Amino acid sequence: MEEGVIDTGSFLAELDRDASTQADGEASCVWTSAQPINELAADVLRVYQGVSGAQLMTSGYLDLKGNAWGAIVLDECGWVDIVTVVAEEGNEASTARVTRISSSARSSE
């Protein structure tokens, strides 16, 4: 999936492009940032705030130590994004993964 650099500013465009070319309607992207987990998670949510029709369904830490964070975003166009952000060693960097499941993938099951 990787032609260019994926980051917080470009992941939605990458997901849109890849989901439209995949027969099953699924797409995902991964990137690492020098930001700690809480900053990267907040930046990802800010990107979704700018998406008309997208609604945050749930978000929060997935473990007691705060090393893993997740969110589910639902869009009225028929896609669901599952977002995870995991702290790297020392929480000086974080890795984000976003997986998109579109309506075409759900209807084929």
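The values are calculated or read from the model by the stated rules, or taken from the named source; none is laboratory data. On a predicted model such as this, the values are computed, not experimentally measured, just so you know. Note that we place each Cβ from the backbone using ideal geometry, even for glycine, and neighbour counts take in every protein chain shown. Remember, those area values only see protein heavy atoms, side chains included, never the ligands or the DNA or RNA. Shrake-Rupley method; radii C 1.70, N 1.55, O 1.52, S 1.80 Å.
Scanning the range 78-100 for residues that are open to solvent by 60 Å² or more (accessible area, probe 1.4 Å) and either basic (Lys, Arg) or in contact with a Ser or Thr (Cβ under 8 Å, 6 or more places away or on another chain) (or both) returns ILE82, VAL86, GLU88, ARG97. The number of residues in the range 55-74 being open to solvent by less than 40 Å² (accessible area, probe 1.4 Å), over 12 Å from the mean Cα position of the chain (by Cα) and at pLDDT 95 or above comes to 2.
Counting just the residues of the range 60-81 that are assigned to a loop (DSSP other than H, G, I, E, B) and in contact with a strand residue (DSSP E or B) (Cβ under 6 Å, 6 or more places away or on another chain), which one comes out farthest from ASP7 (Cα to Cα)?
The initial filter retains those residues of the range 60-81 that are assigned to a loop (DSSP other than H, G, I, E, B), namely 62-67, 76-79.
This time we only want the ones that are in contact with a strand residue (DSSP E or B) (Cβ under 6 Å, 6 or more places away or on another chain), so: 62, 67, 79.
Numbers: LEU62: 22, ASN67: 20, TRP79: 20 Å.
Residue satisfying both the conditions and the ranking: LEU62.
Check the range 24-42 and report whether any residue there is assigned to a loop (DSSP other than H, G, I, E, B), touching a residue at least 12 places away in the same chain (Cβ under 8 Å) and at positive phi.
Looking through the range 24-42, at least one residue is assigned to a loop (DSSP other than H, G, I, E, B), touching a residue at least 12 places away in the same chain (Cβ under 8 Å) and at positive phi.
Within the range 56-68, the residues that satisfy the criterion of being in contact with a Phe, Trp or Tyr (Cβ under 9 Å, 6 or more places away or on another chain) and within 18 Å of ARG100 (Cβ to Cβ) are LEU56, SER59.
Considering the range 43-54, and only residues there that are over 14 Å from VAL98 (Cα atoms) and in contact with a helix residue (DSSP H, G or I) (Cβ under 8 Å, 6 or more places away or on another chain), the residue that is surrounded by the fewest Cβ atoms within 10 Å (Cβ to Cβ) turns out to be VAL51.
Here MET57 clears all of (1) in contact with a Lys or Arg (Cβ under 9 Å, 6 or more places away or on another chain); (2) outside any loop (DSSP other than H, G, I, E, B) except the condition numbered (1). ASP18 falls short on exactly one of the conditions (1) part of a loop (DSSP other than H, G, I, E, B); (2) among the charged types (D, E, K, R); (3) over 11 Å from the mean Cα position of the chain (by Cα), and that condition is (1). Would you confirm whether any residue within the range 87-97 is charged (D, E, K, R), in contact (Cβ under 8 Å) with a residue 40 or more places away in the chain and not in a strand (DSSP E or B)? Checked the range 87-97: at least one residue is charged (D, E, K, R), in contact (Cβ under 8 Å) with a residue 40 or more places away in the chain and not in a strand (DSSP E or B).
Answer yes or no: is there a residue in the range 28-42 that is closer than 17 Å to CYS77 by Cα, crowded, with 16+ Cβ neighbours inside 10 Å and out of contact with any Gly (no Cβ under 6 Å at 6 or more places or on another chain).
No - not one qualifying residue is present in the range 28-42.
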